[in-house]
Amino acid sequence: MQIEQSIVAITGAASGLGWATAQYLIGRGVRVALLDRQDDVASKAKTLGALALGLSLDVTDAEAAARTLDAVVAHWGRLDALVNCAGIGGAARTLGRQGPMALEAFNRTVQVNLVGSFNMARLAAERISRHEAGLDGERGVIIHTASIAAFEGQIGQVAYSASKGGVVAMTLPMARDLAGLGIRVMTVAPGIIETPMMQAAGDEVRAPLIAATQFPKRLGMPEEYAALVAHILENRFLNGEVIRIDAGLRMPPR
């Protein structure tokens, strides 16, 4: 896909990986719809100029998601791609000192990270499928964000790992579902990224994680995730696969 002048919707776009991706893509001439639950998403989008549109959205709300994507299409005429960055974390053991993990906490994590990703993908796919195909019959791209916790979940990450593992597992069948429409589906599984939370963490947290990487010996930068997203959008032969971006990090149990 030629990304200049394309229209890309990004969930979780008001902060973290979503915000970095929005900035990066706008720098490449992409028109970006920033979708986020944060109330300031519209004002943050304005700081990025005319190529940005900010809309409030809870990815678990099916009706609101449909209306929001329709608003994106109405504003720019079509939708070419979706990047799912919205997600939540949280740590709790299956059985801890206070008893079994609250089922509500497990359900909430799965609803946002997995069901929310699927909800946005199914609705985006319908809108992407409407416009004329380009080279190789391609109409658009859907990119999910998983985590290396999908493969090496740590103690206390049972809900998070389950939700991200579900994202990994649905990548190939979704790509197969949408292949006939010319829509590619990919997933990025980041390692530990230099987010504000990690920047505020002490050396006792950061040092073991950096030591566990192979090369380079540092945490990832949000811009490196964003650059990978841009490459996936441009490279039409990438489909149905999960790409780790983690400097060779394999997470220990704790």
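Is there a residue being surrounded by fewer than 16 Cβ atoms within 10 Å (Cβ to Cβ), assigned to a helix (DSSP H, G or I), in contact with a Lys or Arg (Cβ under 6 Å, 6 or more places away or on another chain) and in contact (Cβ under 8 Å) with a residue 60 or more places away in the chain anywhere in the range 64-74?
No, the range 64-74 contains no residue that is surrounded by fewer than 16 Cβ atoms within 10 Å (Cβ to Cβ), assigned to a helix (DSSP H, G or I), in contact with a Lys or Arg (Cβ under 6 Å, 6 or more places away or on another chain) and in contact (Cβ under 8 Å) with a residue 60 or more places away in the chain.
When you look at residue 77, is it closer than 21 Å to residue 188 by Cβ, surrounded by fewer than 16 Cβ atoms within 10 Å (Cβ to Cβ) and modelled with pLDDT of 95 or more, yes or no?
no
Can you tell me which condition residue 5 does not meet? The list is (1) surrounded by fewer than 18 Cβ atoms within 10 Å (Cβ to Cβ); (2) touching a Ser or Thr at 6+ places or on another chain (Cβ under 8 Å); (3) not small (Gly, Ala, Ser), and all the others hold.
(2)
For residues in the range 75-103 being more than 17 Å from the chain's Cα centre (by Cα) and part of a strand (DSSP E or B), which is nearest to residue 3 (Cα to Cα)?
92
Suppose we filter 59, 30, 72, 41 for residues that are within 20 Å of the chain's Cα centre (by Cα), under 30 Å from residue 155 (Cβ atoms) and of a type in the set (A, V, I, L, M); which single one remains?
59
Taking residue 132, is it acidic (Asp, Glu) and within 30 Å of residue 248 (Cβ to Cβ)?
no
Filter the range 94-125 down to residues that are touching a helix residue (DSSP H, G or I) at 6+ places or on another chain (Cβ under 7 Å) and of a type in the set (S, T, N, Q) and give me whichever is farthest from residue 59 (Cα to Cα).
Within the range 94-125, the match that is farthest from residue 59 (Cα to Cα) is 94.
Could you grab me the full set of residues in the range 105-135 that are modelled with pLDDT under 95 and either acidic (Asp, Glu) or crowded, with 19+ Cβ neighbours inside 10 Å (or both)?
Residue satisfying the conditions is 132 alone.
Among 233, 219, 249, which is the only one that is surrounded by 15 or more Cβ atoms within 10 Å (Cβ to Cβ), at pLDDT 90 or above and within 18 Å of residue 8 (Cβ to Cβ)?
233
The values are calculated or read from the model by the stated rules, or taken from the named source; none is laboratory data. Since the structure is predicted, the reported quantities are computational estimates derived from the model, not experimental observations. Glycine also receives a Cβ, built like all others from the backbone with ideal geometry; neighbour counts cover every protein chain displayed.
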